[in-house]
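Participant: Before I ask anything, let me first share the structure, which is written out below as structure tokens.
The values are calculated or read from the model by the stated rules, or taken from the named source; none is laboratory data. The shown structure was predicted, so the numbers you read here are calculated from the model rather than taken from an experiment. Please note: Cβ atoms are built from the backbone with ideal geometry, for glycine as well, and neighbour counts cover all protein chains shown. Accessible surface areas use protein heavy atoms only, side chains included; no ligands, DNA or RNA. Shrake-Rupley method; radii C 1.70, N 1.55, O 1.52, S 1.80 Å.
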Amino acid sequence: MVVKTEIVESLGEGAVLLPALIASALAANDRLKIRLTLLQEASAHAADPGRPALPLESERRAVGLDEPAFDAVVSGARPLDRETFVAPGAGLLAVGLAEDLKAMAAPIAAAGGADAPKFKARLDARLAALPRFEGDRVGYSQVAALGSAQREAGDSAHLLVMDLHRAINRLAAETAVEQVDGAHCAGLDDLSRARVAAFMRGLNRTAFLAFGHPGLTTTAVRLGPRLSIQNDIGVTDAHVLVVRVEGLTATTTYTDVHRGRAKFFMSLFADEAVAWSPLAEKSERNLAEGEPFVLLNGVFSARDEADLDHYLEFLGSRIVFLIDWNKARKTLQLFTGKNAAIDILTAAARQDEGHRAFLELGGAELVYEAIRNAAPGRIAYGVPLNRALGEGECDAFLRHVLHVACDGLKDGRSIRLIRDEIQADLSQRLDTAEREILTLVLRHLGLTRMMAGLIETAFLPDGLAPHDERQRLCQRAKALEEKADRLTVAARKACERAHDGAALLCLVDQVENGADCFDQAAFLLSLALDESAPHLSAALGELAAIATRSVGELTRAVEGALLIPNGKRLDAAFALQRVEAVSAAEHEADAAERAAVAKIIGATPQGDARSLVLGLEIARALEEATDRLAHAAMSLRDRVLEELSA
């Protein structure tokens, strides 16, 4: 084919061979990427010999670089000095770089377009500057210069390859012999045409999710038994996807300057039997000279043609989710962590929704507007959204934002309506954050009421419960108190991110203090001797019953407060009535404590200091518990009244 091409070109008729030249150029593009990657990996391995060497054997063979001379390019690389290293086969790689650059430029020159002279000048300059790597001796700076993607640093082989690749794709589209469902194609037969159609079914199914963003142009060329399908993804340099189909095997080559996006792309195929090459690591030396692209290869071996078509269709449907991915990730990271942002984008892709609608509607501003309108004063200044809502709730909100944005644009809803839906959802989630605290307090009170009830049952009509039973009561109370402590920790963390968290924190702390008092009372009860039981039981039984009733009233008050967003006035009135009952119980407990102290002092036998001290301390602990619960009730009262005034 090369000889025939040269003969026709010598006759001045090179344009008639454009399909063949384009196919050859695309194959050369594949080889060039592998050549550059081999050099980058060799450079990294030489700079850090302890680093695992990536042989890239399957990637090399997939593009036809199967010469044994390349087997040790990476693994055999070793440093010579601070500036240079030796890599077996590097000289042969340099020869191939020149040949493949010429092959890529050939169709542009044959077509004779307006850009042809510029590309020829760039090609001549790059060929003149190409290092020969004589004796396989390579400079670290030479590799960095070849692979540089930084235009401000000047032209490079890598930049020329990227620009030629895009020009070739445009040329292929302009000179296509046919179109298959929007793909510009040349040289297809019936079998390859069916493969392209499968790829385009997937691409066209999700292409609208780009919401006007340019890109997704697809070209396909068959050269012998190999079909090459290429998609330019967007308009970003070095962001191209190539699929080579030969027989029942589809090999996907993906290049990107963002390693994170390459990993995201791989993750989309978790349920498909794709064998991915490892992502090449970058050394600090490479990064200092300008970050090179990441090259990724994935091989899918189909069971039959139907299986192959299914994979190609799925592959085509995933490409739209790569457009503006890094921009979306950075935007989401304004509100949540990096890993969480990637998880949100992955979930959106799996739902066939993506992130482009979110960006189209303003991205970060869409969320900021919701915060301004739905949460004025409810999120303290400077508090991140993931702290205000909690990480899980924040991530759920952001997923919902992407979902509503996509559904809204897809269904033609007004932008105002989409924004209102997002704001309403945020407002509800903020309410949920506050309700979370009350729910935790309610669970805490349930444990506290169990403690109070256990203590009350220890005071029998004819004396205290048996000593071994009171010891078990003490152990049970301690276990309940430890569970309550964990709820307190969770509630305090929730208060840090909730609206009016300081007032709710007071409620949390006072309920916790009340539980501590009951735990102390249970401990003291376990120390009392059986012979002191009759007079202690008679003195303290009424006080224990009042304390138990106080916990029950506060529990009902919190239950009512939780229902206020639904019932408003009726539930608020109930909550306030129960708060008053807690306050009344505290006054009763004051009187009951004084009566108990008088009975204990009067009934304790002279010289029985143990019973006297224990009786007085138990009375004090039970009364203090009701006092703490009353303070908690007053904090809840303030919260209820604030809710009513909102």
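Participant: Right, residue 615: assigned to a helix (DSSP H, G or I), farther than 30 Å from residue 504 by Cα and touching a Lys or Arg at 6+ places or on another chain (Cβ under 9 Å) or not?
Facilitator: The answer is yes for residue 615.
Participant: Just checking, does the stretch 228-242 include any residue being open to solvent by 50 Å² or more (accessible area, probe 1.4 Å), without any contact (Cβ under 8 Å) to a residue 24 or more places away in the chain, touching a strand residue (DSSP E or B) at 6+ places or on another chain (Cβ under 9 Å) and closer than 21 Å to residue 323 by Cα?
Facilitator: Yes; the residues of the stretch 228-242 include at least one that is open to solvent by 50 Å² or more (accessible area, probe 1.4 Å), without any contact (Cβ under 8 Å) to a residue 24 or more places away in the chain, touching a strand residue (DSSP E or B) at 6+ places or on another chain (Cβ under 9 Å) and closer than 21 Å to residue 323 by Cα.
Participant: How many residues are in a loop (DSSP other than H, G, I, E, B) and of a type in the set (Asp, Glu) when one looks only at the stretch 59-101?
Facilitator: Matching residues across the stretch 59-101 total 5.
Participant: May I pose another question? Look at the stretch 511-534 and say how many of its residues are in a helix (DSSP H, G or I) and open to solvent by 30 Å² or more (accessible area, probe 1.4 Å).
Facilitator: Residues of the stretch 511-534 that are in a helix (DSSP H, G or I), as a first pass: 511-527, 530-534.
Those left that are additionally open to solvent by 30 Å² or more (accessible area, probe 1.4 Å): 513, 516, 520, 523, 527, 530-531, 534.
Number of matching residues: 8.
Participant: Given the conditions (1) modelled with pLDDT of 95 or more; (2) of a type outside the set (Gly, Ala, Ser); (3) open to solvent by 30 Å² or more (accessible area, probe 1.4 Å), and given that residue 368 satisfies all but one, which numbered condition is not satisfied?
Facilitator: (1)
Participant: Tell me which of these residue 416 doesn't satisfy, since it passes every other one: (1) open to solvent by 60 Å² or more (accessible area, probe 1.4 Å); (2) touching a helix residue (DSSP H, G or I) at 6+ places or on another chain (Cβ under 7 Å); (3) assigned to a helix (DSSP H, G or I); (4) under 25 Å from residue 213 (Cα atoms).
Facilitator: Single failed check for residue 416: (2).
Participant: Let me ask another. Here is a list of conditions, (1) modelled with pLDDT under 95; (2) in contact with an Asp or Glu (Cβ under 9 Å, 6 or more places away or on another chain), and residue 86 meets all of them except one; can you say which number that is?
Facilitator: (1)
Participant: Among the residues that make up the stretch 310-324, is at least one of them within 30 Å of residue 297 (Cβ to Cβ), over 16 Å from the mean Cα position of the chain (by Cα), acidic (Asp, Glu) and part of a helix (DSSP H, G or I)?
Facilitator: yes
Participant: What pairs come up if the first residue lies in the stretch 427-454 and is within 12 Å of residue 393 (Cβ to Cβ), the second is open to solvent by 50 Å² or more (accessible area, probe 1.4 Å), and their beta carbons are under 7 Å apart, counting only those six or more places apart or on different chains?
Facilitator: Pairs that qualify, where the first residue is within 12 Å of residue 393 (Cβ to Cβ) and the partner is open to solvent by 50 Å² or more (accessible area, probe 1.4 Å), are 429/393; 431/565; 432/393; 433/393.
Participant: When you check residue 129 against the structure, is it among the small types (Gly, Ala, Ser), free of Cβ contacts under 8 Å to residues at least 24 places away in the same chain and touching a helix residue (DSSP H, G or I) at 6+ places or on another chain (Cβ under 9 Å), yes or no?
Facilitator: Yes.
Participant: Please name all residue pairs, on different chains or six or more residues apart, with Cβ atoms under 9 Å, provided the first residue is in the stretch 481-494 and is open to solvent by less than 90 Å² (accessible area, probe 1.4 Å) and the second residue is not in a helix (DSSP H, G or I).
Facilitator: Close Cβ pairs (under 9 Å, with a partner that is not in a helix (DSSP H, G or I)) amount to 494/390.
Participant: Is it the case that the stretch 456-476 has a residue that's within 30 Å of residue 351 (Cα to Cα) and surrounded by 15 or more Cβ atoms within 10 Å (Cβ to Cβ)?
Facilitator: No, every residue in the stretch 456-476 fails to be within 30 Å of residue 351 (Cα to Cα) and surrounded by 15 or more Cβ atoms within 10 Å (Cβ to Cβ).
Participant: On the given criteria, is residue 407 over 26 Å from residue 503 (Cβ atoms) and surrounded by fewer than 16 Cβ atoms within 10 Å (Cβ to Cβ)?
Facilitator: yes
Participant: Here are some residues: 572, 584, 598. Which one is more than 24 Å from residue 512 (Cβ to Cβ) and open to solvent by 20 Å² or more (accessible area, probe 1.4 Å)? Working first, answer last.
Facilitator: On the way: 572 fails: open to solvent by 20 Å² or more (accessible area, probe 1.4 Å); 584 fails: more than 24 Å from residue 512 (Cβ to Cβ).
Step by step, each of 572, 584, 598 is checked, and only 598 is more than 24 Å from residue 512 (Cβ to Cβ) and open to solvent by 20 Å² or more (accessible area, probe 1.4 Å).
Participant: Which is within 26 Å of residue 198 (Cα to Cα), in a helix (DSSP H, G or I) and of a type outside the set (D, E, K, R), of 341, 306, 328? First the steps, then the outcome.
Facilitator: Numbers: 341 fails: within 26 Å of residue 198 (Cα to Cα); 328 fails: within 26 Å of residue 198 (Cα to Cα).
Every option except 306 fails the conditions.
Participant: In addition: Among the listed residues 135, 147, identify the single one that is open to solvent by 60 Å² or more (accessible area, probe 1.4 Å) and more than 16 Å from residue 232 (Cα to Cα).
Facilitator: The match here is 135.
Participant: Filter the helices (runs of 4 or more DSSP H) completely within the stretch 129-215 down to those with at least 2 residues that are of a type in the set (D, E, K, R).
Facilitator: 157-174, 190-206
Participant: I would also like to ask the following. Hey, residue 266 hits all of (1) in contact with a Phe, Trp or Tyr (Cβ under 9 Å, 6 or more places away or on another chain); (2) part of a strand (DSSP E or B) but one; which does it fall short on?
Facilitator: Answer for residue 266: the failing condition is (2).
Participant: Checking residue 294 against (1) in contact with a strand residue (DSSP E or B) (Cβ under 6 Å, 6 or more places away or on another chain); (2) open to solvent by 10 Å² or more (accessible area, probe 1.4 Å), only one condition comes out false. Which one?
Facilitator: It fails just one condition, (2).
Participant: Confirm whether residue 166 is of a type outside the set (Gly, Ala, Ser) and modelled with pLDDT of 90 or more.
Facilitator: On the way: of a type outside the set (Gly, Ala, Ser): yes; modelled with pLDDT of 90 or more: no.
Against the criterion (of a type outside the set (Gly, Ala, Ser) and modelled with pLDDT of 90 or more), residue 166 does not qualify.
Participant: Of all residues in the stretch 400-413, how many are free of Cβ contacts under 8 Å to residues at least 60 places away in the same chain and touching an Asp or Glu at 6+ places or on another chain (Cβ under 9 Å)?
Facilitator: Counting residues in the stretch 400-413 that are free of Cβ contacts under 8 Å to residues at least 60 places away in the same chain and touching an Asp or Glu at 6+ places or on another chain (Cβ under 9 Å) gives 9.
Participant: Let me ask another. Can you tell me which residue within the stretch 27-39, out of those that are open to solvent by less than 20 Å² (accessible area, probe 1.4 Å) and in contact with a helix residue (DSSP H, G or I) (Cβ under 6 Å, 6 or more places away or on another chain), is nearest to residue 75 (Cα to Cα)?
Facilitator: Going through the qualifying residues, I end up with 39.
Participant: To continue, here is another question. Would you point out the residue of the stretch 310-362, among those that are without any contact (Cβ under 8 Å) to a residue 40 or more places away in the chain and in contact with a His (Cβ under 9 Å, 6 or more places away or on another chain), that is most open to solvent (accessible area, probe 1.4 Å)?
Facilitator: Ranking the qualifying residues of the stretch 310-362, first place goes to 327.
Participant: Taking the conditions exactly as written (in contact with a Cys (Cβ under 8 Å, 6 or more places away or on another chain) and crowded, with 21+ Cβ neighbours inside 10 Å), does residue 198 satisfy them or not? I'd like the intermediate steps shown before the answer.
Facilitator: Working: in contact with a Cys (Cβ under 8 Å, 6 or more places away or on another chain): no; crowded, with 21+ Cβ neighbours inside 10 Å: yes.
No; evaluated as a whole, the condition is false for this residue.
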